[in-house]
Amino acid sequence: MTEEAARILTRLGAECRTYSPAGMPLPDDDTDASHPKVAELRDLVTWSEGMVWCSPERHGAMTGIMKAQIDWIPLSLGAVRPTQGKTLAVMQVSGGSQSFNSVNQLRILGRWMRMLTIPNQSSVPKAFLEFDSDGRMKPSPYYDRIVDVMEELVKFTLLTRDSAGYLVDRYSERKETAEELSKRVNQKNT
């Protein structure tokens with residue numbers, strides 16, 4: 001589904017890069033951010049203006065792999081929030097019946113990371129029926145919905161491109177310098 005979304009975004013004029021979590025370590029396992037897969041993820045987040053997060057639904061929730069990727073994205077790099085003000089589209093695939101659990105969880109995480117999460121979303125049930133043997137999505141209302149979501153992502157990205165910083169600017173952050181913030185939130189080494 002993410003590959004199909006990337007094809008649509010490219011057709012709409014966007015430059016797309018896709019992250020594969022293969023080989024990514026789990027957060028909190030004594031691996032630091034210099035790991036090549038973590039560095040790649042963080043570089044892509046910094047590079048992007050907008051993102052598409054897509055997760056299969058497993059046991060009624062987004063997958064652990066998806067959550068691990070999000071957990072590796074820091075809330076700040078120094079004084080910079082790498083996701084703040086960027087647009088986000090959320091999608092999910094299910095092996096069974098229609099559900100919105102994963103997209104709802106992704107939407108909450110997008111808000112938490114101060115992203116501009118677009119109103120539209122996509123959820124494809126029984127995904128194994130919706131793709132052909134080449135991995136391309138078959139024509140259907142589910143495909144049409146993905147096109148709608150990608151169009152909306154591009155529109156919101158263009159509409160907010162020059163004002164994203166203003167839209168997420170907060171008084172509480174303006175009154176405290178980056179150095180003061182760092183002193184307040186960083187713990188001393190013991």
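The values are calculated or read from the model by the stated rules, or taken from the named source; none is laboratory data. This structure is a prediction, so every number in the text was calculated from the model and none was measured. With ideal geometry, Cβ positions are generated from the backbone for all residues, glycine too; neighbour counts draw on all protein chains shown.
Select from the stretch 89-106 the residues that are of a type in the set (A, V, I, L, M, F, W, C) and either within 10 Å of PRO56 (Cα to Cα) or part of a strand (DSSP E or B) (or both) and list them in ascending order. I'd like the intermediate steps shown before the answer.
Looking only at the stretch 89-106, we keep the residues that are of a type in the set (A, V, I, L, M, F, W, C), and these are 89-91, 93, 100, 103, 106.
Hits for the stretch 89-106 are ALA89, VAL90, MET91, VAL93, VAL103.
So for the stretch 121-135 (the condition being in contact with a Gly (Cβ under 9 Å, 6 or more places away or on another chain), among the charged types (D, E, K, R) and surrounded by 12 or more Cβ atoms within 10 Å (Cβ to Cβ)), does at least one residue qualify?
Within the stretch 121-135 (the criterion being in contact with a Gly (Cβ under 9 Å, 6 or more places away or on another chain), among the charged types (D, E, K, R) and surrounded by 12 or more Cβ atoms within 10 Å (Cβ to Cβ)), the answer is yes, since at least one residue qualifies.
Quick one: ALA33 ticks every box in (1) surrounded by 12 or more Cβ atoms within 10 Å (Cβ to Cβ); (2) more than 23 Å from ARG170 (Cα to Cα); (3) modelled with pLDDT of 90 or more; (4) of a type outside the set (S, T, N, Q) bar one, so which box is it?
ALA33 satisfies all of (1) surrounded by 12 or more Cβ atoms within 10 Å (Cβ to Cβ); (2) more than 23 Å from ARG170 (Cα to Cα); (3) modelled with pLDDT of 90 or more; (4) of a type outside the set (S, T, N, Q) except (3).
Counting only residues that are over 27 Å from ASP162 (Cα atoms) and buried (at least 17 other Cβ atoms within 10 Å of the Cβ), how many does the stretch 80-102 have?
Result for the stretch 80-102: 5.
Mind listing whichever residues of the stretch 47-79 are in a strand (DSSP E or B) and in contact (Cβ under 8 Å) with a residue 24 or more places away in the chain?
The answer is GLY50, MET51, VAL52, TRP53, CYS54, SER55, PRO56, GLU57, ALA61, MET62, LEU77.
Pull up the stretch 103-112, narrow it to residues that are within 20 Å of VAL154 (Cβ to Cβ) and among the aliphatic types (A, V, I, L, M), then point me to the one that is surrounded by the fewest Cβ atoms within 10 Å (Cβ to Cβ). Outline the logic, then answer.
Restricting attention to the stretch 103-112, the residues satisfying the condition of being within 20 Å of VAL154 (Cβ to Cβ) are 103, 106-107, 110.
Okay, now just the ones that are also among the aliphatic types (A, V, I, L, M), so 103, 106.
Values: VAL103: 22, LEU106: 25.
Checked the stretch 103-112; the qualifying residue surrounded by the fewest Cβ atoms within 10 Å (Cβ to Cβ) is VAL103.
With (1) among the β-branched types (Val, Ile, Thr); (2) more than 17 Å from ALA5 (Cα to Cα); (3) in contact with a Pro (Cβ under 6 Å, 6 or more places away or on another chain); (4) surrounded by 18 or more Cβ atoms within 10 Å (Cβ to Cβ) as the list, and THR63 as the residue in question, which single condition is left unmet?
All conditions pass for THR63, except number (4).
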